[in-house]
Amino acid sequence: MAPSVTEWIRRHRIAAFFVLTYALSWSIEGAVKLAGMEPSWTTWFFEGFLSPLSPGVAAAIVLAASGESVRGWVRDILKFRVHPKWYALGIGIPFLITYAAGIASWALGGPVDWSLFEFDPISIVIGIVLGTLIGGGQEELGWRGFAQPELQERYGAFRAAVIVGLLWGGWHLPQFVFPGGMRADWPLVLTASYFVGIVAFSILLAWVYNGSGGSAFLAMVMHGTDNSTQGRVPLDVDVVLVGDVVNWESLVSMYVSHAIITWGVVAVVVAVVGIQLSAGRRSPSSSAPQLED
């Protein structure tokens, strides 16, 4: 790496992190689309695994350019010995929000059929594990493991979480604008609810990260759990599917309810712990092997 580039990264750590994150991820996803690759395990490897690793890779590049130990950083943020309540909250809250949104959608006449509901603990556990490690949770190495603590030193925890949420949402833009993107055919109201909801979820992830003593692993678990709840609300496929095409308009009540409820949970959290989101309880960089309470 050229000395001038290294110096710029050292002086502009946050900007460098986001530039690198976007550049790495969008290059991967753009290459897949330009190559005309059909959906397969190969495309998932690039778009579903490598691309979500870009925030962590970008953070490692910034830390290395700044002369800091990447190995030490990974050790510090992947602490898993924290109070069990943080696991309960990190796993329970995404399920609470998802099923509450399902109930709200059903009450509003949405295509929810609770007679089809099944509780399968084995698939839930498998979904959480996969979601945490390879299904989106790996993004948290960068979002919460680097960007959140860097930004909250300057702006405070709540504002930092909002900033991360906005840029995290923007990072997903290829899914909405690239031809064939997984969300390219969403109606405007679903797109808006997604971006509104992701900012709220960023605040909850920041709270879990800070409250657990700076454990990005707990944020990974919460993020992976949220992703694993997709598809767990039983839907009336005769309404949701028109042939082989998803009728996204039929899911408006579900997605809008999800965003509103997520912000409701944020309001409760802030009312209880304040806008510092538990950031002052313990230095996020501390690696003492003790349980957080």
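The values are calculated or read from the model by the stated rules, or taken from the named source; none is laboratory data. In this text the structure is predicted, and so the values were computed from the model without any measurement. FYI the Cβ positions are ideal-geometry reconstructions off the backbone, even for glycines, and counts take in every protein chain you see.
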Determine, yes or no, whether THR6 is modelled with pLDDT under 95, over 27 Å from LEU151 (Cβ atoms) and part of a helix (DSSP H, G or I).
no
So how many residues does segment 24-53 have that are more than 21 Å from SER228 (Cβ to Cβ) and either of a type in the set (D, E, K, R) or outside any helix (DSSP H, G or I) (or both)?
7
Checked against (1) buried (at least 16 other Cβ atoms within 10 Å of the Cβ); (2) touching a residue at least 60 places away in the same chain (Cβ under 8 Å); (3) closer than 18 Å to THR132 by Cβ, SER51 satisfies every condition except (2)
Just to confirm my filter: which helices (runs of 4 or more DSSP H) fall fully inside segment 160-267 and include at least 3 residues that are buried (at least 19 other Cβ atoms within 10 Å of the Cβ)?
188-211, 216-228
If I ask for residues that are in contact with a helix residue (DSSP H, G or I) (Cβ under 8 Å, 6 or more places away or on another chain) and within 24 Å of TYR99 (Cα to Cα), which ones from segment 119-138 would you list?
ILE124, GLY127, ILE128, VAL129, LEU130, GLY131, THR132, LEU133, ILE134, GLY135, GLY136, GLY137
All but one of (1) over 30 Å from GLN276 (Cβ atoms); (2) outside any helix (DSSP H, G or I); (3) β-branched (Val, Ile, Thr) hold for VAL82; which doesn't?
(1)
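One line per residue, one yes/no per condition, for (1) more than 23 Å from ILE261 (Cβ to Cβ); (2) over 21 Å from the mean Cα position of the chain (by Cα); (3) among the acidic types (Asp, Glu):
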residue	(1), (2), (3)
LEU89	no, no, no
TRP114	no, yes, no
SER123	yes, no, no
GLU140	no, no, yes
ARG154	yes, yes, no
LEU166	no, no, no
Can you find a residue in segment 25-37 that is out of contact with any His (no Cβ under 6 Å at 6 or more places or on another chain), surrounded by 15 or more Cβ atoms within 10 Å (Cβ to Cβ) and of a type in the set (Phe, Trp, Tyr)?
yes
It is to be established whether one or more residues within segment 97-114 are under 30 Å from ASN210 (Cβ atoms), of a type in the set (Phe, Trp, Tyr), crowded, with 23+ Cβ neighbours inside 10 Å and out of contact with any Gly (no Cβ under 8 Å at 6 or more places or on another chain).
no
Please pick out the residue among ILE91, ILE61 that is part of a helix (DSSP H, G or I), out of contact with any Cys (no Cβ under 9 Å at 6 or more places or on another chain), more than 30 Å from VAL112 (Cα to Cα) and touching a residue at least 40 places away in the same chain (Cβ under 8 Å).
ILE61
Quick check on segment 64-79: of everything there that is touching a Gly at 6+ places or on another chain (Cβ under 8 Å) and assigned to a helix (DSSP H, G or I), which residue is nearest to PRO3 (Cα to Cα)?
TRP73
